[in-house]
Amino acid sequence: MFILVNVGSHFDPARSLFVAPRKGVYSFSFHVVKVYNRQTIQVLVVNGWPVISAFAGDQDVTREAATNAGLVMMERGDKAYLKLERGNLMGGWKYSTFSGFLVFPL
């Protein structure tokens, strides 16, 4: 995994999760490339609950990609991470991205 920016160190690379530093509205986006399985590709999970998902269902390929983004209200200490439902990430995180940041503090 290669981290481009981690201002405030709120992304924990050892556990691959973002911990909200304060209550507010956060923007999350992700682009995932995985190997086959025609299932839900990826889900943004907050505190164990699925919040945003992405789907790719082309039956004629061995690799699929999906992108999604959304705004999420979080409390201080809430955790957000990506969960792969089926298949494997192609090249690990080499071709996939995950981004999150505070839009508006509450």
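The values are calculated or read from the model by the stated rules, or taken from the named source; none is laboratory data. Note that the structure is a prediction, hence the values are computed from the model and not measured. Because the Cβ atoms are built from the backbone with ideal geometry, glycine has one as well, and the counts that use them run over all protein chains shown.
Here are the numbers:
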item: Residue match in region 19-35 (condition: modelled with pLDDT of 85 or more, under 13 Å from the mean Cα position of the chain (by Cα) and among the small types (Gly, Ala, Ser)); result: yes
item: Matching residues, region 11-24, being touching a residue at least 24 places away in the same chain (Cβ under 8 Å) and either in a loop (DSSP other than H, G, I, E, B) or over 15 Å from Leu44 (Cα atoms) (or both); result: Arg15, Ser16, Ala20, Pro21, Arg22, Lys23, Gly24
item: Gln42 at pLDDT below 85 and within 20 Å of Ile3 (Cβ to Cβ); result: yes
item: Enumeration of residues in region 86-106 that are exposed (fewer than 15 other Cβ atoms within 10 Å of the Cβ) and modelled with pLDDT under 90; result: Arg86, Asn88, Gly91, Gly92, Lys94, Tyr95, Thr97
item: Qualifying positions in region 1-10 - of a type outside the set (A, V, I, L, M, F, W, C) and in a loop (DSSP other than H, G, I, E, B); result: Asn6, His10
